[in-house]
Amino acid sequence: MAYQVLARKWRPRNFAQLVGQEHVIKALANAFANERLHHAYLLTGTRGVGKTTIARIMAKALNCETGVTAEPCGVCSACTQIDAGRFVDLLEIDAASNTGIDNIREVLDNAQYSPTAGRFKVYIIDEVHMLSKSAFNAMLKTLEEPPGHVKFILATTDPQKVPVTVLSRCLQFSLRNMTPQQVIFHLGRVLDTEQITYEAGALNLLGHAAHGSMRDALSLLDQAIAYGAGKVEEAGVRAMLGAVDQSYLFELLDALVAQNGGQLIAAANAIAGRGLSYEAALQELAHLLHQIAMVQMVPGALADDLPIRDDILRIAQAISPEDAQLYYQIAIHGRNDLALAPDEYAGFTMTLMRMLAFAPVPAGQLPLAQSGTAATAAPASRAPVAQQSPAAVTENSAETPSDAPASTPGLIPVRAAGSNSQNSETYPAEASAEKGPESNTGEGMPWQDESAAAAPPPARPTEFDGDWRGLLAQLRLGAAGMLAQHAELLRHEGDCYYLRVAEEHQAVATRDFQEKLREAISDYFGREQQLKVEIQQQTGQTPAQLAQRERAARQDQAIEAIQQDPFVQTVVRDFGGTVIADSIRPL
Amino acid sequence: MNALYPWQKKDWQALLRERERLPHALLLTGPAGIGKLRFAERLANLLLCETPGSAEPCGECEGCRWFAAGNHPDYRLLTPAEAEEDEDGKTKRKQPVIPVDAVRELEDFVNLTSHRRGVRVTVVAPAETMNVAAANAFLKTLEEPPAGAVFILVAHHWRRLLPTIRSRCRQFPLSLPDHHAAESWLAAEGVVNPQLHLAHMGGAPLAALEDASAPWLAQRNELLQHLANPAALDVIGIAQTLEKTRLDVALVVDWLQKWGHDIVSLGLSGNIRYYPDWRDDLQRLSVRAVPLLEWQKTLLSARKAAHHPLNPRLVYESLLFAYLDALRTRAVKPQ
């Protein structure tokens, strides 16, 4: 086990060896050169971009025996000990293992003692996002004003989980992802020094597969060296990564264009047979579809020297832009679903079949299950189709006919925006079979209904005209609206209102709400108003009760309208359907 | 005791070809039920074997004997805790996770000197069952362990691992055995209908072996029987029976997913993957392949929530109702 993986062996030991991150290094180097040292740094960035590495180099720069410098010598005892990981004044804390407040307290208790050997006591707290809330809070005071000999360096992949109070006490550097070019260049240098032969194309593949992380790239390189038995060749790397040859993808697309399921699965099996990665296949497919869609919209967008240009143009002509978009969406979603499928093959083929199923079906034959797209069609054209469903279902499963109307999708008409009381007259019958309480969010919360609909009146009256409900509709009451809705106006004398609240709603008649209501009314009329609330057994004329009664009346009307509707009657008579009264909703 | 399965010989040789380049953190990936854990254990055994220069564990040295007895002091196996019985005799429904404490204990094991020759091997299987805290606590240990510490991670779904974990390991994908090899192995194990069970499990031989002798075979058959006959599907009743069997929700969702996949696949491309023994019924239902794609989506989200403490009966009911709905929708489509 003498072998050390490349990622560890090639961990940079000074700022000059770092790849990328110039913006951070420059700032740090200048700070060290001028001795303008902050006491707490926070390094953020994705995996393998150099957070821990920079933290260690900073520790060296601070403690090097040649003085605080941007170029640690690397030969003095402090530098060598830090490299070997046994410098007494460098405390590297794994915050993910020591998450608790006690762990942090122990660390901070020792912070007050001066360093044993070095100039500074450096605390590197790695994976700091895993600290508990109390641990973070315990750190705050020390982090803000530590003793002069203490430096904190925090590192995390997930700065969102770090409290703002910690963030504001630190000098934050966010490290960028590596570009593929940087990765490729560095891998080349590593292989040259390791004296391993390689092909440039292989490094290109690895550079892209690393997704911006140098450690990923070096881990992959390790894997590639093992895979190729000491050589890094393009074919070997391609096989190792499961990178998909584009010809397979065109086979898939051709099968989709031809709407040939058998051919599609055969192409998928070919990918499986070659041991290629399904995730990579979906990603490449999405990439290809992106190019196709681009060609369709901007014909000149494709580079002329692209080897697959002709194939892309061919497919671009064969499918419509909408389909290209749809396929793209499905491919993207399919990648997320892979992990949840019974196995990856099933997830992959399912994604392909989804493309096949939702593809160029003539508009009239669109399966109703796609309620997302169906909702944009005109409701009138769909209604007759949907209304047949009770009959169709009764023959389908005799046991459960009752839930049939509720289960027909596609019946939800396009609802105009706005409050539902206003357009109830416009189409009473057509929408009556609409399902689902979720579409009636306004109901059951009467005060929301009216206060939302309230618009500032053109001119404000100065006198109360006796219309209590009308007045409430003009007010912005918030929670106090509950009191107003459940209160019945007994009488009003001048600027004094006498209200009655039923015992069961006593809870809303608090002093707070009364005060709010009074203020709202006073504001409305522009002068002080008085409010007297009494609790009684029962009330009869509160706005809530009135609204309830009106709703019941509208419901009756709607049922009536449905029963009278000639089309519904035909359905009931000719197909033996039943109308389920509970499912009728007024609009 | 831990001989390799016949289909793993090639992978074994490929891995050991570069033995001096073996990394300190290896991630074995591949579908469930192809013997990854056995592979990992054998590799651990080889690393702990004290006979120098061997390509296989010798089985005679003290290290090998200890390993065979299951108490080698330099070997740790991290697996999710089994469901425990509490004092009432009820099995607790426990989510299979590797808790953070197990990973923290590992720190001592890794950082202290070993008992034998300096090599300390840890196998984590399956690695994706580490919860978030455990995985994060593992990061520092995994990245730069002291000399001699080796980690072998086993993952059925490597994509569910933290990217920070993945980036610290070298991946080594284990391949799925081809059908003939798997079939003959199953036949040798005494499985009556190897082909069928292989199909049920998508080609993974160990899973197929389990499938052949699983206690829930009857329940699955019963469920499929009901699914095959949607006109008489008594959703409430079936959900009740399923709940009483106390099966894992994820398992039942898996059956349903495979059923849905087969219908869709048969309807659109003429292929059956999982249930070839139900071909006739699938054929009949496959005219409704398109609306069932929507049902698949429902199943995916059910799968995502399978380990949440939801009421299993309600989950089953909603899934089965969705199944019926999906089948019915097709009935109103103009032919």
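The values are calculated or read from the model by the stated rules, or taken from the named source; none is laboratory data. Nothing here was measured: the structure is a model prediction, and the numbers come from that model. As a convention, Cβ positions derive from the backbone with ideal geometry for all residues, glycine included, and neighbour counts pool all protein chains shown. Quick note on the areas: whole protein, heavy atoms, side chains included, nothing else; ligands and nucleic acids left out. Shrake-Rupley method; radii C 1.70, N 1.55, O 1.52, S 1.80 Å.
For A:I562, state whether it is modelled with pLDDT of 80 or more, touching a strand residue (DSSP E or B) at 6+ places or on another chain (Cβ under 9 Å) and crowded, with 16+ Cβ neighbours inside 10 Å. It is false that A:I562 is modelled with pLDDT of 80 or more, touching a strand residue (DSSP E or B) at 6+ places or on another chain (Cβ under 9 Å) and crowded, with 16+ Cβ neighbours inside 10 Å. Which residues, counting only those in the stretch A:23-50, are under 20 Å from B:R168 (Cβ atoms) and open to solvent by less than 20 Å² (accessible area, probe 1.4 Å)? Matches in the stretch A:23-50: A:L43, A:T44, A:G45, A:G48, A:V49, A:G50. Scanning the stretch A:498-522 for residues that are part of a loop (DSSP other than H, G, I, E, B) and surrounded by 16 or more Cβ atoms within 10 Å (Cβ to Cβ) turns up just one, A:A509. For the stretch A:112-125, a tally of residues being touching a strand residue (DSSP E or B) at 6+ places or on another chain (Cβ under 9 Å) and open to solvent by 30 Å² or more (accessible area, probe 1.4 Å) returns 3. Among residues that are without any contact (Cβ under 8 Å) to a residue 40 or more places away in the chain and in contact with a Phe, Trp or Tyr (Cβ under 9 Å, 6 or more places away or on another chain), A:Q21 is not included.
What do you reckon, is A:A229 open to solvent by 40 Å² or more (accessible area, probe 1.4 Å), assigned to a loop (DSSP other than H, G, I, E, B) and under 23 Å from A:S277 (Cα atoms)?
Working: open to solvent by 40 Å² or more (accessible area, probe 1.4 Å): yes; assigned to a loop (DSSP other than H, G, I, E, B): yes; under 23 Å from A:S277 (Cα atoms): yes.
Answer is yes for this residue.
If you go through the stretch A:1-22 and keep only what is open to solvent by less than 70 Å² (accessible area, probe 1.4 Å) and more than 14 Å from every other protein chain (Cβ to nearest Cβ), you end up with A:P12, A:N14, A:F15, A:L18, A:V19, A:G20, A:Q21.
Test B:A326 against the stated conditions and say whether it is within 11 Å of another protein chain (Cβ to nearest Cβ), small (G, A, S), in contact with an Asp or Glu (Cβ under 9 Å, 6 or more places away or on another chain) and not in a helix (DSSP H, G or I).
Working: within 11 Å of another protein chain (Cβ to nearest Cβ): yes; small (G, A, S): yes; in contact with an Asp or Glu (Cβ under 9 Å, 6 or more places away or on another chain): yes; not in a helix (DSSP H, G or I): no.
No.
Among the listed residues A:D109, A:D94, which satisfies the condition of being surrounded by 15 or more Cβ atoms within 10 Å (Cβ to Cβ) and among the acidic types (D, E)? Walk me through how you get there before you give the answer.
Details: A:D109 fails: surrounded by 15 or more Cβ atoms within 10 Å (Cβ to Cβ).
None of the others qualify; the one that does is A:D94.
Look at the stretch A:48-68: where a residue is within 12 Å of chain B (Cβ to nearest Cβ) and of a type in the set (S, T, Y) and a partner is open to solvent by 10 Å² or more (accessible area, probe 1.4 Å) and assigned to a loop (DSSP other than H, G, I, E, B), sitting 6+ places away or on another chain with Cβ atoms under 6 Å, you get A:T53/A:R11; A:T53/A:P12.
Considered as a group, the residues in the stretch B:16-31 that are more than 8 Å from every other protein chain (Cβ to nearest Cβ) and out of contact with any Lys or Arg (no Cβ under 9 Å at 6 or more places or on another chain) include one that is nearest to B:G203 (Cα to Cα), and that residue is B:L16.
For A:L43, the criteria (1) away from every other protein chain (no Cβ under 14 Å); (2) in contact with a strand residue (DSSP E or B) (Cβ under 7 Å, 6 or more places away or on another chain); (3) modelled with pLDDT under 90 hold in every case but one, which is (3).
Among the residues making up the stretch A:331-362, those that are open to solvent by 20 Å² or more (accessible area, probe 1.4 Å) and either more than 10 Å from chain B (Cβ to nearest Cβ) or basic (K, R) (or both) are A:I332, A:R335, A:R354, A:P360, A:P362. Scan the stretch B:159-168 and give yes if some residue there is within 11 Å of chain A (Cβ to nearest Cβ), closer than 16 Å to B:P80 by Cβ and not basic (K, R), otherwise no. Yes, the stretch B:159-168 has at least one match. Among the residues of the stretch A:506-515, is any at pLDDT 80 or above and closer than 14 Å to A:F464 by Cβ? Within the stretch A:506-515, not a single residue is at pLDDT 80 or above and closer than 14 Å to A:F464 by Cβ.
Against the list (1) open to solvent by 60 Å² or more (accessible area, probe 1.4 Å); (2) in contact with a Pro (Cβ under 7 Å, 6 or more places away or on another chain), the condition B:L77 fails is (2). The residue of the stretch B:108-151 that is least open to solvent (accessible area, probe 1.4 Å), among those that are part of a helix (DSSP H, G or I) and more than 12 Å from chain A (Cβ to nearest Cβ), is B:A127.
Suppose the filter is more than 14 Å from chain B (Cβ to nearest Cβ) and assigned to a strand (DSSP E or B); does A:Q182 pass it? No: the conditions fail for A:Q182. Filtering the stretch A:143-158 down to residues that are farther than 9 Å from A:V128 by Cβ and open to solvent by less than 30 Å² (accessible area, probe 1.4 Å), which residue is nearest to the chain's Cα centre (by Cα)? So, considering only residues that are farther than 9 Å from A:V128 by Cβ and open to solvent by less than 30 Å² (accessible area, probe 1.4 Å), the one nearest to the chain's Cα centre (by Cα) is A:I153. Is it the case that A:F525 is out of contact with any Gly (no Cβ under 6 Å at 6 or more places or on another chain), in the same structural domain as A:H505 (by TED's automatic domain parsing) and open to solvent by 40 Å² or more (accessible area, probe 1.4 Å)? Taking the combined requirement at face value, the residue does not satisfy it. For the stretch B:298-313, the criterion of being open to solvent by less than 60 Å² (accessible area, probe 1.4 Å), of a type in the set (S, T, N, Q) and at the interface with another protein chain (Cβ under 9 Å from one of its Cβ atoms) is met by no residue.
Anything in the stretch B:23-40 that is open to solvent by less than 10 Å² (accessible area, probe 1.4 Å), more than 19 Å from B:L186 (Cα to Cα) and part of a loop (DSSP other than H, G, I, E, B)? List them, or say none. The one that is open to solvent by less than 10 Å² (accessible area, probe 1.4 Å), more than 19 Å from B:L186 (Cα to Cα) and part of a loop (DSSP other than H, G, I, E, B): B:P23. When residues in the stretch B:164-184 are screened for being hydrophobic (A, V, I, L, M, F, W, C), surrounded by 21 or more Cβ atoms within 10 Å (Cβ to Cβ) and in a helix (DSSP H, G or I), 2 of them pass. Of all residues in the stretch A:129-151, those being assigned to a helix (DSSP H, G or I) and either within 14 Å of another protein chain (Cβ to nearest Cβ) or under 23 Å from A:T46 (Cα atoms) (or both) number 5.
Being among the aromatic types (F, W, Y), within 29 Å of the chain's Cα centre (by Cα) and assigned by TED's automatic domain parsing to the domain that holds A:R11 is a property that holds for A:F136.
For the structure I just gave you, tell me whether B:R279 is farther than 20 Å from B:W216 by Cα and not in a helix (DSSP H, G or I). Write out each step before concluding.
Working: farther than 20 Å from B:W216 by Cα: yes; not in a helix (DSSP H, G or I): no.
When the stated conditions are applied, B:R279 does not pass them.
Being outside any helix (DSSP H, G or I) and out of contact with any Pro (no Cβ under 9 Å at 6 or more places or on another chain): is that true of A:I196 here?
On the way: outside any helix (DSSP H, G or I): yes; out of contact with any Pro (no Cβ under 9 Å at 6 or more places or on another chain): yes.
So A:I196 passes the test.
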